[in-house]
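Student: Got a structure for you, questions after.
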Amino acid sequence: MIKDILYALMAMSFTIVIGGAVYEHIAVVPAWSAAPPASLSMFQGTHGLKPGPFWMFIHPLTLLLFIITMFVHWRTARKKPVAITLVGYIVILAITSVYFVPELMAIVNTPYASTVDAELTKRAQLWETLSIVRMVVLIVLAVVLFMGLTKSKERQVA
């Protein structure tokens, strides 16, 4: 029972990551990427949108739950889907830290102007396209992870 609850919490945390990404791609990204730097005002000022605290909370929590779940299910059939998803998630986090976060910060920290910068708009569109690809990969990983719930939680004899 504890193994099931732990797996469910880990899967739920991973799903929250995906939910945050889906929300941002439906509600936030189209607004800021429409016509930068004019469309970037939503991030600026004292009351600007600050998504960082959410991501800085959910990613470490999710990684911690993955590691604990991997340890608990090390000798079960659930190990493989957890491992595949964890490795994929770590690769995505590495790519995110090298490209997505720095590029996003460079774009959204551009000083406000009432005009539209064609080059900045092009960069924003590329970021959005690549981020959608990243989100689709996360969804595929989630399917792998949830398929692990169909596997036995019982220890396998070697």
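The values are calculated or read from the model by the stated rules, or taken from the named source; none is laboratory data. These numbers were taken from a predicted model, which means no experiment stands behind them. In this analysis, Cβ positions are derived from the backbone assuming ideal geometry, glycine residues included, and neighbour counts consider all displayed protein chains. Protein only, heavy atoms only, side chains kept; ligands, DNA and RNA dropped before computing areas. Shrake-Rupley method; radii C 1.70, N 1.55, O 1.52, S 1.80 Å.
Student: Where Rh is the Kirkwood radius over the Cα pairs of the chain, the temperature 20 °C and the viscosity 1.002 mPa s, what D in µm²/s does Stokes-Einstein return?
Tutor: Diffusion coefficient, whole number: 125 µm²/s.
Student: Sticking with this one: Tell me the relative contact order for the range 1-140 as a rounded percent, counting alpha carbon contacts under 8 Å between residues six or more apart.
Tutor: After rounding, I find 40 percent.
Student: In the chain, what percent of the accessible surface is made up of carbon and sulfur (1.4 Å probe, ligands and nucleic acids excluded)?
Tutor: 74 percent
Student: Calculate the spin-label point distance for residue 42 paired with residue 84, positioning each point 7 Å from the Cα along the beta-carbon direction, and give it in nanometres.
Tutor: 3.5 nm
Student: Could I ask something else about it? Return the calculated 222 nm mean residue ellipticity for the chain, to the nearest 500 deg cm²/dmol, obtained by summing -39500 (n - 2.57) across DSSP H runs with n ≥ 4 and dividing by the residue count.
Tutor: -22000 deg cm²/dmol
Student: What is the Cα coordinate range of the range 60-150 on the first, second and third principal axes, sorted by size from largest, in whole angstrom?
Tutor: So the three principal-axis extents are 58, 20, 16 Å.
Student: Here's something else I'd like to know. Relative to the present Cα-Cα distance, how much length would full extension add between residue 23 and residue 77 at 0.36 nm per residue of separation?
Tutor: Extra length from residue 23 to residue 77 when fully extended: 16.2 nm.
Student: Now, a different point. Using Cα positions and a limit of under 16 Å, work out the aspartates and glutamates in reach of residue 79, with same-chain residues fewer than 8 apart set aside.
Tutor: The qualifying aspartates and glutamates are 4, 154.
Student: So how far apart, in nm, are the two label points at residue 55 and residue 152 if each is 7 Å from Cα heading toward Cβ?
Tutor: 4.2 nm
Student: Hey, what's the chain come to in accessible area per residue, 1.4 Å probe, Å²?
Tutor: Result: 57 Å² per residue.
Student: Another question, then. Roughly how tilted is helix 52-72, in degrees to the nearest 10 and between 0 and 90, from the longest Cα axis of the chain?
Tutor: 20 degrees
Student: Separate question: Specify the inter-centroid distance of the range 1-67 and the range 72-98, based on alpha-carbon positions, in whole Å.
Tutor: Going from one Cα centre to the other spans 18 Å.
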